[in-house]
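First up is the structure itself, then whatever we jot down about it.
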Amino acid sequence: MPDETNGDTKEKIVKSDAEWRQELDPETYHITREAGTERAFTGKYAYTKDPGVYTCTCCGQPLFDSDTKYESGSGWPSFYQPIDADAVETHEDRAYGMVRTEVVCSRCDAHLGHVFPDGPEPTGLRFCMNSASLNLKKKD
Ligand code: FE
């Protein structure tokens with residue numbers, strides 16, 4: 001048995017497009033599996049201030065704590081850091097003639113949104129997320 005205590009022991013979730021399409025509603029499928037973007041100011045968490053943990057809508061992995069959510073004015077739920085450094089992964093995204101940094105769930109590769117260097121302290125980062133990629137587990 002290899003010693004995995006120091007490695008990343010999180011199991012990746014890999015499903016076919018057909019499986020995801022079956023599990024997700026069409027809008028959520030488009031955003032999370034085809035890197036879509038919901039229209040600004042329309043997502044269900046754009047203005048939410050309820051305390052809790054935002055999990056991945058595809059696999060349930062915890063992604064962001066409500067304590068790090070802030071009002072960015074962008075019309076999308078915005079956070080200054082992930083709940084855990086391993087919760088998300090980033091990739092360069094050159095779509096639409098822009099160079100942006102895409103943010104995905106580290107467990108199932110769901111597209112979450114993008115991260116920009118214009119956020120508040122302490123990180124200076126703005127994780128600009130789609131509500132459809134998230135599921136708020138409210139604290140009691
Ligand atoms: Fe996920």
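The values are calculated or read from the model by the stated rules, or taken from the named source; none is laboratory data. Just so you know, these numbers come straight off a predicted model, no measurement behind them. Here the Cβ positions follow ideal geometry from the backbone for every residue, glycine too, while neighbour counts run over all protein chains shown.
Checking the conditions here, which among Ile31, Ile13 is among the hydrophobic types (A, V, I, L, M, F, W, C) and assigned to a loop (DSSP other than H, G, I, E, B)?
Matching residue, one of Ile31, Ile13: Ile13.
Can you run down the residue pairs with Cβ atoms below 6 Å, 6 or more apart or on separate chains, where the first is in segment 56-67 and touching a residue at least 24 places away in the same chain (Cβ under 8 Å) and the partner is of a type in the set (Lys, Arg)?
Cys59/Arg107; Gln61/Arg107
Within segment 54-71, does at least one residue satisfy the condition of being over 25 Å from Ile13 (Cα atoms), modelled with pLDDT of 95 or more and in a loop (DSSP other than H, G, I, E, B)?
Yes, segment 54-71 contains at least one residue that is over 25 Å from Ile13 (Cα atoms), modelled with pLDDT of 95 or more and in a loop (DSSP other than H, G, I, E, B).
Has segment 33-54 got any residue that is within 15 Å of the ligand (Cβ to nearest atom), closer than 19 Å to Lys138 by Cβ and surrounded by 20 or more Cβ atoms within 10 Å (Cβ to Cβ)?
yes
I'm trying to understand the selection: among the residues of segment 78-106, which are crowded, with 16+ Cβ neighbours inside 10 Å, part of a loop (DSSP other than H, G, I, E, B) and more than 16 Å from the ligand (Cβ to nearest atom)?
Tyr80, Gln81
Could you tell me how many of the residues in segment 107-140 are in contact with a helix residue (DSSP H, G or I) (Cβ under 8 Å, 6 or more places away or on another chain) and not in a loop (DSSP other than H, G, I, E, B)?
Count: 6.
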